[in-house]
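*Asks:* Can you read through this structure? Questions will come right after.
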Amino acid sequence: MEKIEEVVIVGAGVSGLGTALGLHRKGIRSLVLESSDSLRAAGFAILTWPNAWKALDVLGVGDFLRENHVLLQRLVINSATTGEAIAERTFSRGEQRLKLEVRSLKRNLLLEALSKDLPPETIRFSSKVVYIEEVGKLKLLHLADGSTLKTKVLIGCDGVNSVVAKWLGLKPLLFSGRSASRGMLNAPQFSISSRRLIEYFFGEGFRAGISHCDEDTIYWFFTWSPSNQAEKEAEENPQKMRELMVSKLKSSKMPKDVIEIIENSDLSNGLVSAPLRFRWPFDLLWGNIFKDNVCVAGDAFHPMTPDLGQGGCSALEDAVVLARCLGEALAGDGNKTEEKEFEKVEKGLKKYAEVRKWRSFVLISASYLIGQLEERNGFLIRFLREKLLSGFISWIQLKITEFDCGSL
């Protein structure tokens with residue numbers, strides 16, 4: 001007889017591996033299909049706030065990641081126009097956590113942590129899904145190599161270009177009008193590497209930031225709004241992109257050592273820039289997050305601009321909630337008929353969608369609005385941002401991290 005998979009997860013990113021691990025902890029086997037030939041570390045690092053650490057601890061990988069990443073102590077928000085600090089929040093003193101645990105995780109180590117406890121052959125590489133077909137209650141997946149497989153449950157964790165989201169009928173993503181570049185630098189020689197903090201700089205038409213992954217490694221990001229064709233073309237050339245960023249940073253009041261981090265980043269590690277896209281938040285309320293035995297998670301569900309640092313964190317929340325809801329639906333019952341099993345799966349995915357849609361709506365909306373406020377220039381917007389709203393922005397950023405995804 002043809003083998004039918006219990007659960008197929010499309011995409012071996014944070015949400016895909018997190019969901020597979022959560023299901024594994026519940027005693028449920030899944031198959032993860034990854035289009036690449038290995039785990040991808042694109043994105044360099046992920047800032048993990050308390051809500052993410054709750055999920056990582058539930059999944060059983062928190063301590064492994066703590067061993068390899070420093071505890072960040074403060075968030076400092078600076079004006080790129082004046083060079084002055086306009087807001088500051090303290091997370092910890094030394095290695096003593098106060099209310100907030102914040103670390104910047106290397107993406108490759110995060111994916112390693114989420115995958116290391118999975119059973120052998122859980123992840124199938126070079127397996128790109130190109131088409132989804134319904135065969136009764138089952139879903140028949142057509143892969144790029146011409147092979148097919150059937151599954152009782154299909155979960156799309158396949159990112160911003162999700163085949164599963166398209167099948168569900170979710171609308172195409174919107175372009176924010178902004179782009180982002182990210183990178184990392186192993187920088188023991190920089191004096192800044194001794195500071196365990198997150199620093200943000202905004203104004204002057206850009207938003208930039210740095211944080212420390214470990215004692216020597218610094219992660220940085222830069223978001224901006226391309227204003228002409230030359231700037232758009234620079235995104236495709238790492239050398240020109242770096243020159244453009246450094247030019248913009250040097251025309252502001254950015255600290256010299258922060259600029260040097262970007263200047264000295266290794267181009268061979270893939271200094272890239274990409275347009276920032278997001279899902280129209282009302283599409284989560286009016287569209288299909290799930291249908292029958294199919295759903296989406298992570299960036300396939302709620303892609304957002306990076307301005308709250310919640311993209312990876314919310315993907316981990318998804319993983320725990322989805323594994324819990326689906327685990328309850330698939331809990332062993334030898335007397336279940338096929339019809340009853342599909343009915344329970346549908347109810348489980350509906351519960352997952354209800355839990356996650358409003359949370360995702362808030363994250364997408366707040367990220368977009370804060371990004372627009374922080375990056376834009378002009379006297380009035382700068383006055384409002386730096387004199388009236390800076391404390392509110394940092395409060396929102398921390399308040400949103402209080403979410404608890406619950407247990408498995």
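*Asks:* Here are some conditions: (1) open to solvent by 40 Å² or more (accessible area, probe 1.4 Å); (2) at pLDDT below 90; (3) within 30 Å of SER365 (Cβ to Cβ). GLY169 meets all but one. Which one does it not meet?
*Replies:* It is condition (2) that GLY169 fails.
*Asks:* Restricting attention to region 363-381, and to residues there that are open to solvent by 40 Å² or more (accessible area, probe 1.4 Å) and without any contact (Cβ under 8 Å) to a residue 60 or more places away in the chain, which single residue is nearest to ARG25 (Cα to Cα)?
*Replies:* LEU369
*Asks:* Evaluate the following for PHE301: is it open to solvent by 10 Å² or more (accessible area, probe 1.4 Å) and at pLDDT 95 or above?
*Replies:* Spelling it out, it is not the case that PHE301 is open to solvent by 10 Å² or more (accessible area, probe 1.4 Å) and at pLDDT 95 or above.
*Asks:* Suppose we filter region 99-129 for residues that are of a type in the set (Lys, Arg) and farther than 30 Å from ILE210 by Cβ; how many remain? Write out each step before concluding.
*Replies:* Going residue by residue through region 99-129, those that are of a type in the set (Lys, Arg) are 99, 103, 106-107, 116, 124, 128.
Pick out the ones that are also farther than 30 Å from ILE210 by Cβ and you get 124, 128.
So the count comes out to 2.
*Asks:* On to the next question. Whether any residue in region 362-373 is at pLDDT below 85 and either of a type in the set (A, V, I, L, M, F, W, C) or closer than 24 Å to GLY177 by Cα (or both) is what I want to check.
*Replies:* Checking region 362-373: at least one residue is at pLDDT below 85 and either of a type in the set (A, V, I, L, M, F, W, C) or closer than 24 Å to GLY177 by Cα (or both).
*Asks:* So, one more: Kindly establish whether LYS128 is open to solvent by less than 80 Å² (accessible area, probe 1.4 Å), closer than 28 Å to HIS302 by Cα and modelled with pLDDT of 95 or more.
*Replies:* Here the answer is no, as LYS128 does not meet what is asked.
*Asks:* Identify all residues within region 205-216 that are surrounded by fewer than 21 Cβ atoms within 10 Å (Cβ to Cβ) and either over 16 Å from GLY177 (Cβ atoms) or aromatic (Phe, Trp, Tyr) (or both); write none if there are none.
*Replies:* Of everything in region 205-216, those that are surrounded by fewer than 21 Cβ atoms within 10 Å (Cβ to Cβ) and either over 16 Å from GLY177 (Cβ atoms) or aromatic (Phe, Trp, Tyr) (or both) turn out to be ASP214, GLU215, ASP216.
*Asks:* Right, next: Can you say whether LEU154 is assigned to a loop (DSSP other than H, G, I, E, B), surrounded by 15 or more Cβ atoms within 10 Å (Cβ to Cβ) and modelled with pLDDT of 95 or more, as far as the supplied structure shows?
*Replies:* No; evaluated as a whole, the condition is false for this residue.
*Asks:* Here is a follow-up. Quick one: LEU100 ticks every box in (1) in contact with a Ser or Thr (Cβ under 8 Å, 6 or more places away or on another chain); (2) at pLDDT 90 or above except a single one, so which number is it?
*Replies:* Looking at each condition in turn, LEU100 falls short on (2).
*Asks:* Next up: Being open to solvent by 50 Å² or more (accessible area, probe 1.4 Å) and small (Gly, Ala, Ser) narrows it down to one residue among GLY332, GLY287; which is it?
*Replies:* GLY332
*Asks:* Right, here's the next one. Quick check on my filter: what residues within region 122-147 are touching a residue at least 12 places away in the same chain (Cβ under 8 Å) and acidic (Asp, Glu)?
*Replies:* ASP145
*Asks:* Quick test of your reading of the structure: LEU138 fulfils all but one of (1) surrounded by 16 or more Cβ atoms within 10 Å (Cβ to Cβ); (2) within 20 Å of SER38 (Cβ to Cβ). Name the failing condition by number.
*Replies:* (2)
*Asks:* Out of the residues in region 260-283 that are among the aliphatic types (A, V, I, L, M) and modelled with pLDDT under 90, state the one that is nearest to HIS212 (Cα to Cα).
*Replies:* ILE261
*Asks:* Mind checking whether some residue in region 222-242 is open to solvent by 10 Å² or more (accessible area, probe 1.4 Å) and at pLDDT 90 or above?
*Replies:* No, the conditions are met nowhere in region 222-242.
*Asks:* Residue check: is LYS347 farther than 30 Å from ARG107 by Cα, part of a loop (DSSP other than H, G, I, E, B) and charged (D, E, K, R)? Don't jump to the end; show me each part of the working.
*Replies:* Details: farther than 30 Å from ARG107 by Cα: yes; part of a loop (DSSP other than H, G, I, E, B): no; charged (D, E, K, R): yes.
Spelling it out, it is not the case that LYS347 is farther than 30 Å from ARG107 by Cα, part of a loop (DSSP other than H, G, I, E, B) and charged (D, E, K, R).
*Asks:* A further question follows. For region 10-33, give me each residue that is part of a helix (DSSP H, G or I) and not small (Gly, Ala, Ser).
*Replies:* Hits for region 10-33 are VAL14, LEU17, THR19, LEU21, LEU23, HIS24, ARG25.
*Asks:* In this structure, does GLU260 turn out to be closer than 19 Å to ASN186 by Cα and either part of a helix (DSSP H, G or I) or open to solvent by less than 50 Å² (accessible area, probe 1.4 Å) (or both)?
*Replies:* For GLU260, the condition - closer than 19 Å to ASN186 by Cα and either part of a helix (DSSP H, G or I) or open to solvent by less than 50 Å² (accessible area, probe 1.4 Å) (or both) - is met.
The values are calculated or read from the model by the stated rules, or taken from the named source; none is laboratory data. Note that the structure is predicted; figures quoted are calculated from it, not measured. Note that we place each Cβ from the backbone using ideal geometry, even for glycine, and neighbour counts take in every protein chain shown. The protein model used for the area step is the full one, side chains on, heavy atoms only, and it has no ligands, DNA or RNA in it. Shrake-Rupley method; radii C 1.70, N 1.55, O 1.52, S 1.80 Å.
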